[in-house]
Amino acid sequence: MSNEIIWGRLRACLVIIITNYSLLITNSASAQTSWRDSLEILNKAIRLNPNSTDLRLKKAAVNIELGQWEYAIEEYSRVLEIEPGHLSALYFRAYVYNYLHRYELARYDYETLLKNMPRHFEAQLGLAVVKRNMGRTVEAMDDFNQLVQMFPDSVLAYVARAGFEVEQKQYELAVYDWDRAISLAPANIDYMVSKANALLCLKRKKEARRTLEQAVKIGASKAALKEWFERCR
């Protein structure tokens, strides 16, 4: 599995909470309406109750679904004006800033949130990814290490650190983290292929082949892994 795929999946994990929240909004606002219809309903409700942080958070989530990133930032900022330090507004605004490559602003929001809730997994992961995007590799690695220390039973923590280690060509460390991820999610074929890739980068072809054969035993298509097996020759 390429590193771009790994980072793509991490980004997906960061946004999944937003997607789930948006689905709840659809059900609560109007289960049969479109996003734009929901937005109209929420706008009317906000005009009647402009200081409702709940309504503004819901509207911001719909803005994100519609790709209206600046409007989402405005709503999260308004929530923070009404209720300074609002954790959800900080988290989601940081996510939007990161998406728009406004990394310093994203970093500030994640760090502010973590001061109030140090064990917020998504914020800790988001901060590490932001620092990675900023090119602050030492700080990013410190944050990934802290993530694993704080959440030693989290598969995603090891996957995130392994992806970063591969990017930094720290393949021995990556193999360890892929092993940990596999021990926590033994049926995940992608993790096995990623481990095999790290082993191949270390020219440990026999171990890579054994890892791929293990993936086939639990259901992976050998034909789909042909390219990887050929690299093990």
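Set side by side, the residues His86, His120 differ, and just one is in contact (Cβ under 8 Å) with a residue 12 or more places away in the chain and either out of contact with any helix residue (DSSP H, G or I) (no Cβ under 9 Å at 6 or more places or on another chain) or more than 30 Å from Ser183 (Cα to Cα) (or both), which is His86.
Checked against (1) modelled with pLDDT of 90 or more; (2) assigned to a loop (DSSP other than H, G, I, E, B); (3) not acidic (Asp, Glu), Met1 passes all but a single condition, namely (1). Scanning segment 101-120 finds one or more residues that are over 30 Å from Gly219 (Cα atoms), crowded, with 20+ Cβ neighbours inside 10 Å and acidic (Asp, Glu). Exactly one residue among Met150, Met141, Met192, Met134 is among the aliphatic types (A, V, I, L, M) and closer than 17 Å to Arg210 by Cα, and that residue is Met192. Reported count of residues in segment 90-113, each being of a type in the set (A, V, I, L, M) and in a loop (DSSP other than H, G, I, E, B), is 1.
You will find that of Tyr99, Tyr95, the residue that is in contact (Cβ under 8 Å) with a residue 60 or more places away in the chain and within 16 Å of the chain's Cα centre (by Cα) is Tyr95 and no other.
Rundown of residues vs (1) within 30 Å of Leu100 (Cβ to Cβ); (2) touching a residue at least 24 places away in the same chain (Cβ under 8 Å); (3) not in a loop (DSSP other than H, G, I, E, B), yes/no style:
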| residue | (1), (2), (3) |
| --- | --- |
| Gly126 | yes, yes, yes |
| Val138 | yes, no, yes |
| Asn145 | yes, no, yes |
| Ala157 | yes, yes, yes |
| Ala162 | yes, yes, yes |
| Pro186 | no, yes, no |
| Asn197 | no, yes, yes |
| Ala215 | no, yes, yes |
| Lys222 | no, no, no |
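Here Ala157, Ala181, Ala208 are screened, and the one residue that is crowded, with 19+ Cβ neighbours inside 10 Å and in contact with a Cys (Cβ under 8 Å, 6 or more places away or on another chain) is Ala208. In segment 175-190, is there at least one residue being at pLDDT 95 or above and among the aromatic types (Phe, Trp, Tyr)? There is at least one residue in segment 175-190 that is at pLDDT 95 or above and among the aromatic types (Phe, Trp, Tyr). Residues that are over 20 Å from the mean Cα position of the chain (by Cα) and assigned to a loop (DSSP other than H, G, I, E, B) were ranked within segment 164-178; the one that is surrounded by the fewest Cβ atoms within 10 Å (Cβ to Cβ) is Lys169.
Taking every residue in segment 33-56 that is in contact (Cβ under 8 Å) with a residue 12 or more places away in the chain and of a type in the set (Phe, Trp, Tyr) and pairing it with any residue that is buried (at least 17 other Cβ atoms within 10 Å of the Cβ) and in a helix (DSSP H, G or I), at least 6 positions away or on another chain, the pairs with Cβ-Cβ distances below 6 Å are Trp35/Val62; Trp35/Glu65. For segment 102-117, the criterion of being over 22 Å from Gly135 (Cα atoms) and either of a type outside the set (A, V, I, L, M) or out of contact with any helix residue (DSSP H, G or I) (no Cβ under 9 Å at 6 or more places or on another chain) (or both) is satisfied by at least one residue.
What are the residues in segment 72-89 that are of a type outside the set (Gly, Ala, Ser), modelled with pLDDT of 95 or more and in a helix (DSSP H, G or I), if any? If the condition is that a residue be of a type outside the set (Gly, Ala, Ser), modelled with pLDDT of 95 or more and in a helix (DSSP H, G or I), then Ile73, Glu74, Glu75, Tyr76, Arg78, Val79, Leu80, Glu81, Ile82 are the ones that fit.
The values are calculated or read from the model by the stated rules, or taken from the named source; none is laboratory data. Values in this document were obtained by computation on a predicted structure and should not be read as measured data. Counting neighbours? That spans all protein chains shown, and the Cβs are built from the backbone with ideal geometry, glycine included.
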